[in-house]
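The values are calculated or read from the model by the stated rules, or taken from the named source; none is laboratory data. Since this is a predicted model, take the numbers as computed values, not measurements. Heads up: the accessible areas ignore ligands, DNA and RNA and are worked out on the full protein's heavy atoms, side chains in. Shrake-Rupley method; radii C 1.70, N 1.55, O 1.52, S 1.80 Å.
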Amino acid sequence: MTAAPPRRRPTRNPVVWVVVVVVVVSVLAVGVVAATRAYSSREDAKASATPTVAASRAPSTLDPADLAGRWTVGGDSEAGYRVHEVLNGSDVTVTGRTDSVSGEATVAGTAITAATVTVRVADIATDSAQRDSYFRDSALDVAAFPTATFTLGEPIADAVPSGSATTTVDAPGELTLHGVTRSVTATLQIGLDGDGVQVSGSVPVTFADYGVQAPDLGFVRVEPRGAVEFLVHASPAR
(Lines give C-alpha, C1' and ligand atoms only; values in the text may rest on other atoms or scores of the structure.)
Protein backbone atom coordinates (compact mmCIF):
# COMPACT_ATOMS: atom_id res chain seq x y z
CA MET A 1 0.00 0.00 0.00
CA THR A 2 1.50 3.30 -1.08
CA ALA A 3 1.92 5.83 1.75
CA ALA A 4 0.08 9.10 1.33
CA PRO A 5 2.34 12.01 0.48
CA PRO A 6 3.06 14.32 3.40
CA ARG A 7 0.62 17.23 3.78
CA ARG A 8 2.12 20.55 2.81
CA ARG A 9 1.78 23.37 5.29
CA PRO A 10 -0.12 26.26 3.75
CA THR A 11 2.11 28.98 2.47
CA ARG A 12 1.53 32.36 4.08
CA ASN A 13 0.86 34.79 1.33
CA PRO A 14 3.18 37.78 1.82
CA VAL A 15 0.59 40.02 0.17
CA VAL A 16 -1.90 39.16 2.92
CA TRP A 17 0.62 40.07 5.63
CA VAL A 18 1.35 43.39 3.94
CA VAL A 19 -2.38 44.17 3.84
CA VAL A 20 -2.77 43.29 7.52
CA VAL A 21 0.16 45.49 8.51
CA VAL A 22 -1.17 48.40 6.45
CA VAL A 23 -4.62 48.07 8.02
CA VAL A 24 -3.20 47.98 11.57
CA VAL A 25 -0.97 50.99 10.96
CA SER A 26 -3.86 52.88 9.40
CA VAL A 27 -6.14 52.15 12.35
CA LEU A 28 -3.47 53.33 14.79
CA ALA A 29 -2.87 56.49 12.77
CA VAL A 30 -6.59 57.26 12.64
CA GLY A 31 -6.81 56.71 16.39
CA VAL A 32 -3.97 59.12 17.11
CA VAL A 33 -5.40 61.76 14.79
CA ALA A 34 -8.86 61.36 16.33
CA ALA A 35 -7.49 61.65 19.85
CA THR A 36 -5.49 64.73 18.91
CA ARG A 37 -8.47 66.42 17.31
CA ALA A 38 -10.70 65.45 20.22
CA TYR A 39 -8.49 67.29 22.69
CA SER A 40 -7.11 70.22 20.73
CA SER A 41 -5.75 71.43 17.42
CA ARG A 42 -3.72 74.39 16.25
CA GLU A 43 -6.68 75.53 14.18
CA ASP A 44 -9.15 75.25 17.06
CA ALA A 45 -6.92 76.69 19.77
CA LYS A 46 -7.25 80.35 18.80
CA ALA A 47 -6.60 82.29 21.97
CA SER A 48 -8.47 85.48 22.74
CA ALA A 49 -6.52 88.52 23.80
CA THR A 50 -5.66 89.17 27.42
CA PRO A 51 -8.57 91.23 28.82
CA THR A 52 -7.72 94.89 29.39
CA VAL A 53 -9.65 98.03 30.22
CA ALA A 54 -10.79 99.52 26.92
CA ALA A 55 -8.83 102.58 25.79
CA SER A 56 -12.01 104.12 24.36
CA ARG A 57 -14.68 104.10 27.05
CA ALA A 58 -17.84 106.08 27.52
CA PRO A 59 -17.24 109.33 29.43
CA SER A 60 -18.01 108.90 33.10
CA THR A 61 -21.42 110.16 34.23
CA LEU A 62 -20.64 109.61 37.91
CA ASP A 63 -20.30 112.43 40.37
CA PRO A 64 -17.22 111.96 42.59
CA ALA A 65 -19.59 111.61 45.53
CA ASP A 66 -21.18 108.60 43.80
CA LEU A 67 -17.97 106.61 43.94
CA ALA A 68 -18.07 105.91 47.67
CA GLY A 69 -19.97 102.87 48.87
CA ARG A 70 -20.70 99.37 47.59
CA TRP A 71 -20.29 98.37 43.95
CA THR A 72 -21.71 95.24 42.32
CA VAL A 73 -20.43 93.30 39.32
CA GLY A 74 -22.94 93.36 36.48
CA GLY A 75 -23.41 92.15 32.93
CA ASP A 76 -20.75 92.12 30.22
CA SER A 77 -18.23 90.71 32.70
CA GLU A 78 -16.09 87.74 31.77
CA ALA A 79 -13.42 85.58 33.34
CA GLY A 80 -11.51 82.40 32.64
CA TYR A 81 -8.06 80.96 32.20
CA ARG A 82 -5.09 81.11 29.86
CA VAL A 83 -2.77 78.12 29.45
CA HIS A 84 -0.02 77.09 27.06
CA GLU A 85 0.02 73.67 25.44
CA VAL A 86 2.67 71.80 23.52
CA LEU A 87 0.62 70.01 20.87
CA ASN A 88 2.56 67.57 18.69
CA GLY A 89 5.70 69.62 19.32
CA SER A 90 4.10 73.00 18.59
CA ASP A 91 3.28 75.72 21.12
CA VAL A 92 -0.41 76.61 21.40
CA THR A 93 -2.11 79.17 23.67
CA VAL A 94 -5.60 78.25 24.85
CA THR A 95 -8.11 80.50 26.61
CA GLY A 96 -11.37 79.57 28.29
CA ARG A 97 -14.04 82.15 29.05
CA THR A 98 -17.38 82.50 30.81
CA ASP A 99 -19.74 85.38 31.62
CA SER A 100 -20.89 83.61 34.81
CA VAL A 101 -19.16 86.17 37.01
CA SER A 102 -20.43 87.86 40.16
CA GLY A 103 -18.94 90.00 42.90
CA GLU A 104 -18.87 93.25 44.77
CA ALA A 105 -16.45 95.90 46.01
CA THR A 106 -16.40 98.73 48.52
CA VAL A 107 -14.94 102.12 47.64
CA ALA A 108 -13.92 104.87 50.07
CA GLY A 109 -12.72 108.00 48.32
CA THR A 110 -10.39 106.67 45.63
CA ALA A 111 -9.44 103.52 47.60
CA ILE A 112 -10.90 100.06 47.11
CA THR A 113 -11.23 98.73 50.64
CA ALA A 114 -12.82 95.34 49.91
CA ALA A 115 -13.59 93.24 46.85
CA THR A 116 -14.65 89.74 45.89
CA VAL A 117 -15.00 88.24 42.40
CA THR A 118 -16.50 84.76 41.96
CA VAL A 119 -16.35 82.79 38.71
CA ARG A 120 -18.42 79.71 37.93
CA VAL A 121 -15.63 77.44 36.70
CA ALA A 122 -18.12 74.83 35.51
CA ASP A 123 -19.26 77.28 32.80
CA ILE A 124 -15.82 78.11 31.38
CA ALA A 125 -15.60 77.08 27.73
CA THR A 126 -13.02 77.09 24.96
CA ASP A 127 -13.74 76.31 21.31
CA SER A 128 -13.37 72.56 21.93
CA ALA A 129 -16.07 70.64 23.80
CA GLN A 130 -13.71 67.68 24.27
CA ARG A 131 -11.03 69.84 25.86
CA ASP A 132 -13.65 71.48 28.09
CA SER A 133 -14.91 68.10 29.23
CA TYR A 134 -11.40 67.03 30.20
CA PHE A 135 -10.68 70.22 32.15
CA ARG A 136 -14.04 70.23 33.91
CA ASP A 137 -14.27 66.55 34.82
CA SER A 138 -10.64 65.44 35.18
CA ALA A 139 -8.47 68.49 35.87
CA LEU A 140 -10.72 70.85 37.85
CA ASP A 141 -13.42 68.45 39.15
CA VAL A 142 -16.11 71.10 38.87
CA ALA A 143 -18.74 68.79 40.33
CA ALA A 144 -16.98 69.15 43.69
CA PHE A 145 -15.49 72.63 43.15
CA PRO A 146 -17.81 74.58 40.83
CA THR A 147 -16.45 78.09 41.52
CA ALA A 148 -13.22 80.03 41.90
CA THR A 149 -13.01 83.19 44.01
CA PHE A 150 -10.58 86.08 44.35
CA THR A 151 -10.85 88.09 47.59
CA LEU A 152 -8.94 91.32 48.13
CA GLY A 153 -6.62 91.01 51.11
CA GLU A 154 -6.02 94.67 51.96
CA PRO A 155 -7.20 98.12 50.81
CA ILE A 156 -5.72 99.56 47.61
CA ALA A 157 -5.07 103.29 47.90
CA ASP A 158 -5.54 105.61 44.90
CA ALA A 159 -7.08 102.80 42.88
CA VAL A 160 -10.09 104.58 41.34
CA PRO A 161 -9.06 107.09 38.65
CA SER A 162 -10.87 110.20 37.53
CA GLY A 163 -12.09 111.20 34.10
CA SER A 164 -10.70 109.04 31.29
CA ALA A 165 -7.54 108.03 33.14
CA THR A 166 -6.60 104.40 33.82
CA THR A 167 -4.80 103.18 36.91
CA THR A 168 -2.70 100.02 37.20
CA VAL A 169 -2.33 98.60 40.69
CA ASP A 170 -1.23 95.43 42.44
CA ALA A 171 -3.97 93.83 44.52
CA PRO A 172 -2.82 91.30 47.14
CA GLY A 173 -5.45 88.77 48.08
CA GLU A 174 -6.47 85.15 48.15
CA LEU A 175 -7.45 82.92 45.24
CA THR A 176 -9.57 79.86 45.95
CA LEU A 177 -9.44 77.28 43.15
CA HIS A 178 -10.17 73.56 43.20
CA GLY A 179 -10.94 73.85 46.92
CA VAL A 180 -7.50 75.27 47.74
CA THR A 181 -6.86 78.85 48.90
CA ARG A 182 -3.52 80.55 48.19
CA SER A 183 -2.17 84.07 48.70
CA VAL A 184 -1.72 85.78 45.32
CA THR A 185 -1.23 89.20 43.81
CA ALA A 186 -3.51 90.29 41.00
CA THR A 187 -2.45 93.03 38.60
CA LEU A 188 -5.47 95.26 38.00
CA GLN A 189 -6.32 97.95 35.46
CA ILE A 190 -9.17 100.25 36.47
CA GLY A 191 -11.04 102.88 34.47
CA LEU A 192 -14.37 104.69 34.78
CA ASP A 193 -16.88 103.85 32.06
CA GLY A 194 -20.22 105.62 31.77
CA ASP A 195 -22.16 105.00 34.98
CA GLY A 196 -19.73 102.31 36.16
CA VAL A 197 -16.17 101.09 36.10
CA GLN A 198 -14.15 98.51 34.19
CA VAL A 199 -11.64 96.37 36.08
CA SER A 200 -9.36 93.90 34.32
CA GLY A 201 -7.08 91.53 36.18
CA SER A 202 -4.67 88.65 35.81
CA VAL A 203 -3.49 86.22 38.48
CA PRO A 204 -0.60 83.83 37.67
CA VAL A 205 -1.18 80.29 38.93
CA THR A 206 0.89 77.14 39.27
CA PHE A 207 -1.59 74.29 38.91
CA ALA A 208 0.13 71.96 41.37
CA ASP A 209 -0.33 74.58 44.11
CA TYR A 210 -4.08 73.99 43.82
CA GLY A 211 -3.95 70.23 43.51
CA VAL A 212 -4.64 70.40 39.76
CA GLN A 213 -2.81 67.92 37.54
CA ALA A 214 -1.88 69.57 34.25
CA PRO A 215 -2.80 67.19 31.38
CA ASP A 216 0.06 65.21 29.81
CA LEU A 217 -1.44 62.89 27.20
CA GLY A 218 1.60 62.23 25.04
CA PHE A 219 0.50 64.17 21.97
CA VAL A 220 -0.45 67.18 24.11
CA ARG A 221 1.16 68.54 27.26
CA VAL A 222 -0.16 71.51 29.21
CA GLU A 223 2.43 73.75 30.84
CA PRO A 224 2.41 73.60 34.67
CA ARG A 225 1.64 77.34 34.95
CA GLY A 226 -1.15 79.49 33.60
CA ALA A 227 -3.23 82.50 34.54
CA VAL A 228 -6.70 83.34 35.80
CA GLU A 229 -8.03 86.39 33.94
CA PHE A 230 -11.08 88.61 34.27
CA LEU A 231 -12.65 91.79 32.94
CA VAL A 232 -15.55 92.95 35.08
CA HIS A 233 -17.99 95.82 34.84
CA ALA A 234 -19.20 97.18 38.16
CA SER A 235 -21.58 99.97 39.11
CA PRO A 236 -22.63 101.59 42.38
CA ALA A 237 -25.25 99.54 44.22
CA ARG A 238 -28.54 101.39 44.49
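So here's what we get for this one:
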{"read-out": "Vicinal HN-Hα couplings computed from phi for region 75-86 (Karplus, 6.51 cos²θ - 1.76 cosθ + 1.60; Hz; Gly/Pro x)", "value": "x, 6, 8, 8, 7, x, 10, 10, 9, 10, 10, 10"}
{"read-out": "Region 77-189 - percent relative contact order, Cα under 8 Å, separation 6 or more", "value": "20 percent"}
{"read-out": "Length-normalised contact order for region 179-237 - Cα pairs under 8 Å, 6+ apart - percent", "value": "36 percent"}
{"read-out": "Diffusion constant of region 145-232 at 20 °C, which comes from Stokes-Einstein with the Kirkwood Cα-pair radius and 1.002 mPa s, µm²/s", "value": "146 µm²/s"}
{"read-out": "Computed over region 114-177, Cα set: Rg, Dmax in Å", "value": "16.2, 46"}
{"read-out": "Gain upon complete extension [residue 113, residue 65; 0.36 nm per residue less C-alpha separation]", "value": "15.7 nm"}
{"read-out": "Segment residue 125-residue 185, length gained on full extension (0.36 nm per residue, minus Cα span)", "value": "19.1 nm"}
{"read-out": "Percent carbon-and-sulfur accessible area, region 131-203, ignoring ligands, DNA and RNA, probe 1.4 Å", "value": "46 percent"}
{"read-out": "Kirkwood Rh, angstrom, region 91-136 [1 / mean 1/r, Cα pairs]", "value": "12.9 Å"}
{"read-out": "Whole-number accessible area per residue in Å² for region 65-209, which is evaluated in the context of all protein chains at 1.4 Å", "value": "44 Å²"}
